[in-house]
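To start, the structure itself, in structure tokens.
The values are calculated or read from the model by the stated rules, or taken from the named source; none is laboratory data. As the structure is a prediction and not an experimental result, all values here were calculated from the model. With ideal geometry, Cβ positions are generated from the backbone for all residues, glycine too; neighbour counts draw on all protein chains shown. We work out accessible area using only protein heavy atoms, side chains counted, and drop any ligands, DNA or RNA first. Shrake-Rupley method; radii C 1.70, N 1.55, O 1.52, S 1.80 Å.
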Amino acid sequence: MARSGSTDVLVVGAGPVGLMLAAELRRAGASCRIVDRLPARLPYAKAVGVQPRTLELFDRMGLVRDVLDAAVPMRGQLTYENGVALGRIDLVLPPEVPYGFAALPQYETERVLEEHLGRYGTGIERSTELLAFAQDPAGVTSRLTTASGAEEEVRSRYLVGCDGAHSLVRKALGLAFEGGAFPEEYMLADVEVGWGLEPGYGVRSMHRAEDGTVDDLLVCIPLPGKGRYRMSMLVPPELSAARGSGPSAGDGVAHGLEGGTAPALCDIQKVLDRLSPEPVTASALRWSSVFRISHRLVDRYGEGRVFVAGDAAHIHPPTGAQGMNTGVQDACNLAWKLALALGDAAHPRLLPSYDAERRPVGEEVVGRTVRHAAEGVQADRSDPETLMLRQAQLLVGYRESPLVTPLPAGDGAPLRPGDRAPDCGGLTGDIAAHPVRLFDLLRGREHVLLVYGDHPAGDTVADLAAAARESSGGRMVTYGVLPPDAAAPDRTGAPPHRDSRGEFARQYGPGEGAAFAVRPDGYLTACLQPPTVGALKEALEKVFAP
């Protein structure tokens, strides 16, 4: 067996989750290897929805323009029942949210991420499979089989399984993966249709039987290309995968694309003939498959130096395009924590906070998508605005995280530690003539401290900036934000930006003075009002090593 050199992190699985993790690790300066058992990227439009929150993370990484160039807008959904139009859902978000909903085939998301990762000199090691691993207090020893068929031993400080629903990493760790499976099977197909429906809108057309149950279903999601959609529909008995070999891969988990007989164009056309809102002919079948759905969640997101993310940790119905996006956010949450741990700069509670923060999110997503799959999104009891923000994953937060100190109840603050740091526009500097958005300041940065106003009851910007540098080991950058009518900016301690349109004040509610510490994944470590050096150090001590 060949013995290779060591690496900081071995990432198993080169789907969107593994690629996101590897790219964020490399951006933070960590070394990693990413391996995948497949010889090439699969040309299947599996996960196709890209949520606004994921686009915000891509913005932070500096690759959102590549994603937007390849995607198409997802504007809403048209709903039909028994041939009657029930109405439409428009995907509208508050004006301060910088991105809307997008549709992009999974292989295109993977392409963009892979190209981004390549800019750091790291590529996917294809046809390379993890066979086994063992961990000890200092690291993880993994055994791989490579494209040549040879075995290789790899030493890494950490191992992350982004290896899907049948994860070997999860099984080898002995993590419980409790849940169930839906009895229905679905056909998936990537086709073109020439109907006259409004572009950018998904279609959900169903037939409801006399007893009230839905016995026939067609769901269409727009894709890049004229008249192109990813369609899903119930499987007829003659194509059922349950008639042949099952999908469980020996682990009892029935989830994902099936082998066996793939639906033909005529099978898709039969469903369209029954359920299409208008007569239409399908053409240009790119691929098709039978798909089964489970809903499961691990009992913990890792153990020791080994972690799981994405489908290796949670699987659920594709309702609302939550799966890939949730996995990408798993990866973003874990990457910056691993990077600090690798630099011996992490508080001992930092890596355990990955499970504490992300497992409740996975639990909520699994439960919600199961309900929506059974009853429809329209059955959600939330008000329309809250429902839209939740589907966009803009309400994900970590107020119960061990990394934050909660604010007193009833203080009226619009933002609390653990909340997402919202964007705002109209920030003007003393050199650049054009206004910028807050996300422009955060892009490419890791930890950022935003200090607002003159804060007469707190410490100076220079004092806070010095404390931020000291507590973070030089990893935190400080920016000042001034009210529109404040005195001429002082660049001492932090580059100043004037809140010329008052958007920062409306979004963050800083009063006369406040400071906000923003993590690399765009969530608030601290909200300090008034901002003091002591309170800032206390907040950062929960993240950084003493």
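Within region 93-116, residues that are farther than 21 Å from ILE34 by Cβ reach partners that are of a type in the set (D, E, K, R) and open to solvent by less than 20 Å² (accessible area, probe 1.4 Å) with beta carbons closer than 8 Å, at six or more positions or on different chains, in the pairs GLU96/ASP423; VAL97/ASP423; PRO98/GLU56; PRO98/ASP59; PRO98/ASP423; TYR99/GLU56; TYR99/ASP59. May I ask you to list the residues in region 139-166 that are within 18 Å of CYS32 (Cα to Cα), surrounded by fewer than 19 Cβ atoms within 10 Å (Cβ to Cβ) and either free of Cβ contacts under 8 Å to residues at least 12 places away in the same chain or β-branched (Val, Ile, Thr) (or both)? Within region 139-166, THR141, THR145, THR146 meet the criteria.
Scanning region 44-77 for residues that are surrounded by 20 or more Cβ atoms within 10 Å (Cβ to Cβ), assigned to a loop (DSSP other than H, G, I, E, B) and of a type in the set (Phe, Trp, Tyr) returns no hits.
Here are some residues: SER4, SER31. Which one is in contact with a Ser or Thr (Cβ under 8 Å, 6 or more places away or on another chain) and surrounded by fewer than 20 Cβ atoms within 10 Å (Cβ to Cβ)? Step through it out loud before you land on a result.
Numbers: SER4 fails: in contact with a Ser or Thr (Cβ under 8 Å, 6 or more places away or on another chain).
SER31 is the lone residue from the list that is in contact with a Ser or Thr (Cβ under 8 Å, 6 or more places away or on another chain) and surrounded by fewer than 20 Cβ atoms within 10 Å (Cβ to Cβ).
Filter region 454-478 for residues that are outside any helix (DSSP H, G or I), open to solvent by less than 20 Å² (accessible area, probe 1.4 Å) and at pLDDT 95 or above and give the result. Hits for region 454-478 are MET476, THR478. Going by the structure shown, is LEU131 at pLDDT 95 or above, surrounded by fewer than 18 Cβ atoms within 10 Å (Cβ to Cβ) and not basic (Lys, Arg)? Spelling it out, LEU131 is indeed at pLDDT 95 or above, surrounded by fewer than 18 Cβ atoms within 10 Å (Cβ to Cβ) and not basic (Lys, Arg).
Checked against the criterion of being touching a residue at least 60 places away in the same chain (Cβ under 8 Å), under 30 Å from HIS207 (Cα atoms) and out of contact with any helix residue (DSSP H, G or I) (no Cβ under 7 Å at 6 or more places or on another chain), region 60-73 contains one or more residues that satisfy it. Looking at GLY444, is it open to solvent by 10 Å² or more (accessible area, probe 1.4 Å) and closer than 16 Å to GLN529 by Cβ? Spelling it out, it is not the case that GLY444 is open to solvent by 10 Å² or more (accessible area, probe 1.4 Å) and closer than 16 Å to GLN529 by Cβ. You will find that of ARG41, ARG53, ARG65, ARG33, the residue that is touching an Asp or Glu at 6+ places or on another chain (Cβ under 8 Å) and under 30 Å from VAL219 (Cα atoms) is ARG41 and no other. Restricting region 318-339 to residues that are of a type in the set (Gly, Ala, Ser) and closer than 18 Å to GLY15 by Cα leaves a set whose member that is surrounded by the most Cβ atoms within 10 Å (Cβ to Cβ) is GLY327.
Summed over region 169-191, residues that are closer than 30 Å to GLY87 by Cα and open to solvent by less than 50 Å² (accessible area, probe 1.4 Å) total 8. Here is the figure for region 479-508: residues that are open to solvent by 30 Å² or more (accessible area, probe 1.4 Å) and part of a loop (DSSP other than H, G, I, E, B) total 12.
Quick one: would you say GLY13 is more than 28 Å from LYS226 (Cβ to Cβ), in contact with a Ser or Thr (Cβ under 9 Å, 6 or more places away or on another chain) and not acidic (Asp, Glu)? It would help to see each step written out before you state the result.
Details: more than 28 Å from LYS226 (Cβ to Cβ): yes; in contact with a Ser or Thr (Cβ under 9 Å, 6 or more places away or on another chain): yes; not acidic (Asp, Glu): yes.
So GLY13 passes the test.
Among the residues of region 292-317, those that are surrounded by 24 or more Cβ atoms within 10 Å (Cβ to Cβ) and assigned to a loop (DSSP other than H, G, I, E, B) comprise TYR301, ALA309, ALA313, HIS316.
With the condition kept exactly as written, say whether any residue in region 200-216 is within 14 Å of ASP273 (Cα to Cα) and of a type in the set (Phe, Trp, Tyr). No, region 200-216 contains no residue that is within 14 Å of ASP273 (Cα to Cα) and of a type in the set (Phe, Trp, Tyr).
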